[in-house]
Amino acid sequence: TVAVLGSLNIDLVTTVDRHPRPGETVLGEDLTRVFGGKGANQAIAAAAMGAQVMMIGRVGDDDEGARYIERLKEFGVATDSVVVTPGHATGHALIPVSRDGENSIIVIGGANLQLTEEDLAPLDALGEGDVLLTVLEVPLPVVEAAVRRATSRGVRVVINVSPYAELAAEVLAAADPLIVNEHEARLLEESGVARSAQQYGGLSVLTTLGAEGARWKDISVPADKVSAVDTTGAGDAFCGALGAALAAGSDKRTAMEAATAAAAVAVQRRGAQPEP
Ligand code: ADP
């Protein structure tokens, strides 16, 4: 089983000629609403690889939340641990994309931010051979509690340190691997946490390098040569597929190759998730 702890968002995407400066209004065209959120994106990516996937997260008590749960079910993701949160809206992300393909993202956490340690009880059904995959769009104390709880049961922990945030050194050291893109890798390095993590056995960092591929300690895997249409969600596809492969017992290199192939498929389609 892969348990994914993370966010479920509705993405509102629009195309702009250029991004607005502070105080400025620009016109966007063609508003599209798509399912997103790093957590759910990764859960769906793991399920697409054939893994048994349990999503742990929160949606609002609105139509969007109900539709999101249905959507996860269509992909075969178990949703018993997705909590509907009274009085809160499902999370949203506002994403203007400029014509040269650069996006900026505002995440409104909504129900995602109501996640609590009580929501983690389903982790107690996991054991050795299972994987906890987590992202940081949910409250960090809950992420840290989940990592400790999973580790104490012998569950393998994979943390996608995205969006970048500081976690306890002992929590980061428990992950095998920590997945970061180049930007997050730089922030991680600047934080100096690698040094404090030495006393817990050090960090196992897997860095994704965009079109260059990915590196996990001494293992480097080149990216597939494809023509990229939209790199949104490439990292999520990579993480979800990697979690699925590790849960299936693959070794590091084989898992990275599977993740690389899944990410290459993701960059050739628009949006962060496949169609069911
Ligand atoms: P993020 O999307 O989180 O910033 P990256 O840009 O590093 O992460 O991309 C994650 C993975 O997606 C890469 O390791 C690679 O396997 C794949 N990928 C990204 N961009 C391309 C591309 N242009 N062509 C092929 N694969 C890509």
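The values are calculated or read from the model by the stated rules, or taken from the named source; none is laboratory data. Computed from a predicted structure; not experimentally measured. Cβ: placed from backbone, ideal geometry, glycine included. Neighbour counts: every protein chain shown.
Within the set Gly57, Gly6, the sole residue that is modelled with pLDDT of 95 or more, closer than 30 Å to Glu257 by Cα, surrounded by 14 or more Cβ atoms within 10 Å (Cβ to Cβ) and touching a Lys or Arg at 6+ places or on another chain (Cβ under 6 Å) turns out to be Gly6. Being among the acidic types (Asp, Glu) and part of a loop (DSSP other than H, G, I, E, B) holds for only one residue in Glu70, Glu24, Glu64, and it is Glu24. For Ser204, the requirement of being without any contact (Cβ under 8 Å) to a residue 12 or more places away in the chain and more than 9 Å from the ligand (Cβ to nearest atom) is not met.
Results for (1) under 22 Å from Asn9 (Cα atoms); (2) surrounded by 18 or more Cβ atoms within 10 Å (Cβ to Cβ); (3) among the acidic types (Asp, Glu), shown as yes or no for each residue.
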residue	(1), (2), (3)
Leu113	yes, no, no
Ala121	no, no, no
Thr134	yes, yes, no
Pro141	yes, no, no
Glu144	yes, yes, yes
Arg148	no, no, no
Ser152	no, no, no
Arg156	no, yes, no
Pro163	yes, no, no
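Flag: Asp218 does not match the condition of being charged (D, E, K, R) and in contact (Cβ under 8 Å) with a residue 24 or more places away in the chain.
Yes or no, residue by residue, for (1) away from the ligand (no atom under 16 Å from the Cβ); (2) on the phi < 0 side of the Ramachandran plot; (3) among the hydroxyl-bearing types (Ser, Thr, Tyr):
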site: Ala168; (1), (2), (3): yes, yes, no
site: Asp176; (1), (2), (3): yes, yes, no
site: Glu184; (1), (2), (3): no, yes, no
site: Arg195; (1), (2), (3): yes, yes, no
site: Gly210; (1), (2), (3): no, no, no
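Does at least one position in the range 82-104 carry a residue that is in contact with a strand residue (DSSP E or B) (Cβ under 9 Å, 6 or more places away or on another chain), assigned to a loop (DSSP other than H, G, I, E, B) and at pLDDT below 95? Checking the range 82-104: at least one residue is in contact with a strand residue (DSSP E or B) (Cβ under 9 Å, 6 or more places away or on another chain), assigned to a loop (DSSP other than H, G, I, E, B) and at pLDDT below 95.
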